[in-house]
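Have a look at the structure below before the remarks.
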Amino acid sequence: MKHIIHADLDAFYAAVEQLDNPELLGKPVLVGGRPENRGVVATASYEARQFGVRSAMPMRTAVRNCPQGIVIAPRFTRYREMSRRVMDIFRSFTELVEPLSLDEAYLDISAAVNQAEGRWPLGVALELKRRVKDETGLTVSVGVSVSKSVSKIASDLDKPDGLVVVPPGDEPGFLAPLPVGKLWGIGPKTAERLKSEGIDTIGILAAQPPDWFARVFGQRAESVRQRAVGLDDEPVHTERVTKSVSSETTFPNDLSDRAELRRVLEALADGVAGSLERKGLQGRTVTVKMRLADFATFSRQTTLPAPSSDAAPIRETAWRLLAAELTPGRSFRLLGVGVSNFAEANAVRQLSLWEYGLTTEAAKSADDN
Amino acid sequence: MKISCLQENLSRGLAVAGRAVATRATLPVTQNVLLSADQGMLRLSATNLEIAITTWIGAMVEEEGAVTVPARLLTEFVGSLGSDRIDLDMEEGSRLLQIKSGRAEANINGTDPGEFPPIPTVAAQEAIVFQADPRMLRLAIDQVDFAAAREESRPVLTGVNVRLSEGAFTMASADGFRLAVRNGTLQQSGDEITVIIPARTMTELGRMLGDNQEPVQIMLTPQKGQLMFRVRGQDTVELVSQLLQGTFPNYDQLIPQSYTTRAILGLKDILQATRTASIFARDGSNIVRMQMQPVDNGQGQSGKLVVSASSQEVGEFQQELDILELEGEEGKIAFNSRYLTDVLTEIKGEKVAIETTTSSNPGVFKPVSESANDDYVHVVMPMFVQW
């Protein structure tokens, strides 16, 4: 039997800001792009969440809901540094750590658990939480069970600073009362559809007959059914190799307007830059994928002078690639932007001035508030 | 066309105009130089379509006319002649330029000046005009042009951002890893304006200024996207350049306003140590490390700097230097060796101040002198390394 922890730092970016600037403690902090630049909320502190502010909400909306919110530009260098410290603490418990992003990881703590010697999963989880708090000042919500999917659901139930342990064998009972949308692999649309059939909890879902699963989920039927009763033996992957990060969009109507294409492309580039930041990756190669009205599909790529996750060079490089393909009468069905050729996380690298600029902008906006 | 001039004057004029001759021939005629009689002088013009240079040399004009000839051929030929009088002669309606000097005679096939791209100019009456001391301008150019981006992924960064205002100018360039900002004074000012001038233009201007002492005129017609420098030395030279369009990044916020360690060093010592370290850094990602440590000598004011570099294959190097004055805590930081030598080569004076906060925040390099003429800040992002 395995023992797996899902650890999730609470309102990570906002918590780091509050840690670095105690004046922000207890105040609604909105980390993200500025409202006048059509920015979105990357993380809101718990104080801000009381006002209905959520991640990915347009900052303009967030500031309207929470006018006393303090808007801070993200300082990814600092978040990466703090994330590294937290992950290092995780790795002192077990070598089997699978980071999902800067603020989230699975840990296989089976080797650290020795019930004969009194080292129970609960004890390991408590010690993990205490050490993260003592050594970094951050709080982490932890879910403990024998599987990744149950632990992930558990860590989310008692946030912030939560701890939920699901003892082995209790999984079906633990999951049964929870809404179906909590289950990994059931998105908002599927959840809606299940609800319309009267299936709103995982318990009701798990009670459906196998042929019902086959009809609704097709090939995924068996894995969804197993997860609904807490069966999941997915191992903790210590090396999850992301080779590229990309985003693409298909237009409802073919596009040929230069300004419109540029707007779409830049939005895609910003999205890619955002996911690179979250994953702590920096890439050298920028690729633009294009599909024309006649379905001809091709891509163009080029190399940046240095690995980057900044929006500006990705935007400008992507636009240069696309602009070279714009000819009168050419219209596009689909555009995509991708970044690949990643630098190793701890590798020696030249730091970027623009990245530093984001941190001083953050400091300045903190002063303004 | 019938013009006479001195070999040394023509040779000098060709060298100046030759800087704007195209090296790659997208438009073959741009590899030519345009010769024309102009107000009793011989005018020489060349353009590579990014910049255009025009200069005038003293000559005796007997018969007006104009022709373009291959610049390299003419320059090499004139350069090979002795210091003597040169007669340029071209019959009306012909395109064959005859050049005589002493007993040497050459005939060079020219092309119609009508095929030459128009040489842009900036008319004084519709331009904003500034005037600057060429020595100050040249120093400023030397201190900023190298920090502009070489590659074109963000075109505005291949330029120098120049703000001209009442009695003062600010030049700034940044390639994403370093930022150079130089302030200076103007002798005569027009309305305040900020433009982005290609760094290549600035480098060319710096070269052209040489040791001139006559004020340089800067004339802008921003609505036409052009500017012109008029340099008056032995000859008058006009350099016209396109301006770069776009928005230069707001660089004020890239200059750290505080530091935890400030070390004042002898410029020669640190430059020499950096150059030596660069030799060892060559095979190891070009990393030069600096560690600043206070030395307790009772006064607590001084310290030592350890400059080091290593590569797995080659070996390692380290050198200790005295810090003349150390303020703050000990500090360590690693830089790309080229960025270090670039800035240390261009800082003037005996001493340099290096200010740092952490090993992942920028280092700031400033000259240390009492002269108000030395208003220069250079910011370099460090390399992320394992210490």
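May I ask you to list the residues in the range B:296-328 that are more than 33 Å from the chain's Cα centre (by Cα) and within 19 Å of B:THR357 (Cα to Cα)?
Matches in the range B:296-328: B:GLN301, B:SER302, B:GLY303, B:LYS304, B:LEU326, B:GLU327, B:GLY328.
For the list (1) surrounded by 17 or more Cβ atoms within 10 Å (Cβ to Cβ); (2) part of a strand (DSSP E or B); (3) not charged (D, E, K, R), I need the number of the one condition that B:GLN98 fails.
B:GLN98 satisfies every listed condition except (1).
Being closer than 23 Å to A:ARG193 by Cβ and among the basic types (Lys, Arg) is the filter; apply it to the range A:207-254 and report the residue that is surrounded by the fewest Cβ atoms within 10 Å (Cβ to Cβ).
A:ARG215
Among the residues of the range A:264-298 satisfying the criterion of being surrounded by fewer than 15 Cβ atoms within 10 Å (Cβ to Cβ) and small (Gly, Ala, Ser), which is farthest from the other protein chains (Cβ to nearest Cβ)?
The selected residue is A:ALA293.
Counting just the residues of the range B:37-55 that are touching a Pro at 6+ places or on another chain (Cβ under 7 Å) and crowded, with 20+ Cβ neighbours inside 10 Å, which one comes out farthest from B:ARG95 (Cα to Cα)?
For the range B:37-55, the residue satisfying everything is B:ALA52.
Look through A:PRO160, A:PRO177 and report the one residue that is in a loop (DSSP other than H, G, I, E, B) and either touching a Lys or Arg at 6+ places or on another chain (Cβ under 9 Å) or over 14 Å from A:SER141 (Cα atoms) (or both).
Checking each option against the conditions leaves just A:PRO177.
Do any residues in the range B:95-115 that are outside the structural domain of B:LEU34 (by TED's automatic domain parsing) have Cβ atoms under 6 Å from those of residues that are surrounded by fewer than 15 Cβ atoms within 10 Å (Cβ to Cβ), where the two are at least six apart or on different chains, and which pairs are they?
As it stands, the answer is none, since no pair meets every condition given.
List the pairs whose first member sits in the range B:267-291 and is more than 14 Å from every other protein chain (Cβ to nearest Cβ), whose second member is assigned to a helix (DSSP H, G or I) and not aliphatic (A, V, I, L, M), and whose Cβ atoms are under 7 Å apart, counting only residues at least 6 apart or on separate chains?
Qualifying pairs under 7 Å: B:LEU271/B:THR345; B:THR274/B:SER337; B:THR274/B:THR341; B:ARG275/B:THR341; B:ALA277/B:SER337; B:SER278/B:SER337; B:SER278/B:THR341.
For the range A:1-118, give me every one of the strands (runs of 3 or more DSSP E) that falls completely inside it and has 2 or more residues that are farther than 19 Å from A:LYS133 by Cβ.
In the range A:1-118, A:29-32, A:41-44, A:70-72, A:97-101, A:104-108 are the strands (runs of 3 or more DSSP E) which contain 2 or more residues that are farther than 19 Å from A:LYS133 by Cβ.
Can you find, within the range A:321-369, the residue that is surrounded by the most Cβ atoms within 10 Å (Cβ to Cβ) among those that are modelled with pLDDT of 85 or more and at the interface with another protein chain (Cβ under 7 Å from one of its Cβ atoms)?
My answer is A:GLN350.
On the basis of being aliphatic (A, V, I, L, M), closer than 16 Å to A:PRO67 by Cα and modelled with pLDDT of 90 or more, does A:VAL31 make the cut?
Against the criterion (aliphatic (A, V, I, L, M), closer than 16 Å to A:PRO67 by Cα and modelled with pLDDT of 90 or more), A:VAL31 qualifies.
Need a quick list: strands (runs of 3 or more DSSP E) entirely within the range B:33-86 having at least 1 residues that are among the polar types (S, T, N, Q).
In the range B:33-86, B:41-47, B:51-58, B:66-70 are the strands (runs of 3 or more DSSP E) which contain 1 or more residues that are among the polar types (S, T, N, Q).
Go through B:GLY58, B:GLY82 for me and flag whichever is surrounded by fewer than 19 Cβ atoms within 10 Å (Cβ to Cβ) and under 19 Å from B:ARG230 (Cα atoms).
B:GLY58
Cβ contacts < 9 Å: first residue in the same structural domain as B:THR341 (by TED's automatic domain parsing), restricted to the range B:309-324; second residue of a type in the set (Asp, Glu) and assigned to a strand (DSSP E or B), any location; separation 6+ or different chain. Result?
What qualifies is B:ALA309/B:GLU316; B:SER310/B:GLU316.
Can you pull out the residues in the range A:61-82 that are in contact with an Asp or Glu (Cβ under 8 Å, 6 or more places away or on another chain) and away from chain B (no Cβ under 14 Å)?
If the condition is that a residue be in contact with an Asp or Glu (Cβ under 8 Å, 6 or more places away or on another chain) and away from chain B (no Cβ under 14 Å), then A:ILE72, A:PRO74 are the ones that fit.
Restrict the check to the range B:323-330 and report whether at least one residue is within 23 Å of A:GLU355 (Cα to Cα) and part of a strand (DSSP E or B).
For the range B:323-330, residues within 23 Å of A:GLU355 (Cα to Cα) and part of a strand (DSSP E or B): absent.
Being outside the structural domain of B:ILE193 (by TED's automatic domain parsing) and surrounded by 15 or more Cβ atoms within 10 Å (Cβ to Cβ) is true for just one of B:LEU265, B:LEU239. Which residue is that?
B:LEU265
Select from the range B:150-184 the residues that are among the β-branched types (Val, Ile, Thr) and modelled with pLDDT of 95 or more and write down the one among them that is nearest to A:ARG349 (Cα to Cα).
Filtering first and then ranking leaves B:THR158.
Residues of the range B:366-387 being assigned to a strand (DSSP E or B) and either hydroxyl-bearing (Ser, Thr, Tyr) or within 14 Å of chain A (Cβ to nearest Cβ) (or both), which ones?
Within the range B:366-387, B:TYR376, B:VAL377, B:HIS378, B:VAL379, B:VAL380, B:MET383, B:PHE384 qualify.
The values are calculated or read from the model by the stated rules, or taken from the named source; none is laboratory data. Remember, predicted model here, so these are calculated numbers, not experimental data. Ideal geometry is used to build each Cβ from the backbone, glycine not excepted, and the neighbour counts take in all protein chains shown.
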